[in-house]
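Take a look at the structure set out below.
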Amino acid sequence: MAVLAQQNEYKEGQNENVKEVSMEKSPLRQQLESWLNKNMKIQMTDGRVLIGIFLCTDRDRNVILGSCAEYLQIENEESVEEPRVLGLAMVPGHHIVSIEVDSDQASNGKAL
């Protein structure tokens with residue numbers, strides 16, 4: 001019992017020394033968070049275009065799109081091909097050429 005009481009006193013003493021950390025978000029992070037659950041169009045290095053709902057990203061610039069569809073750009077044909085439904089897709093950051101957020105849903109749709 002005495003050991004348990006000493007541990008609790010030690011923990012209580014530690015809590016007094018903990019400083020509050022300011023959790024202010026940078027403007028770029030706020031912009032990124034405003035794009036969550038918005039329609040996003042990603043052009044890839046191999047010419048494919050992916051359109052889906054932006055779900056998340058990471059420090060390596062990988063992007064996760066939900067309800068994603070893939071569009072192939074065929075140079076010889078002018079006909080529009082049906083999209084290939086992918087569902088949930090992870091797009092490697094090093095394959096991304098540009099990103100556009102649907103301007104109808106985002107407050108200020110921009111191309112990156």
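Bear in mind that the values in this text are calculations on the coordinates, not laboratory data. All of these numbers come straight from a predicted model, not from anything done at the bench. Note: ideal-geometry Cβ built from the backbone for every residue, glycine included; neighbour counts use all protein chains shown.
Details
- For the pair C56 and K38, the difference between a 0.36 nm per residue extended length and the Cα-Cα distance amounts to 5.4 nm.
- Additional length obtainable on full extension of the chain from S98 to E70, 0.36 nm per residue less Cα span: 8.6 nm
- Label-to-label distance, nm, for residues given as R48 and E24 (7 Å Cα→Cβ offset): 4.2
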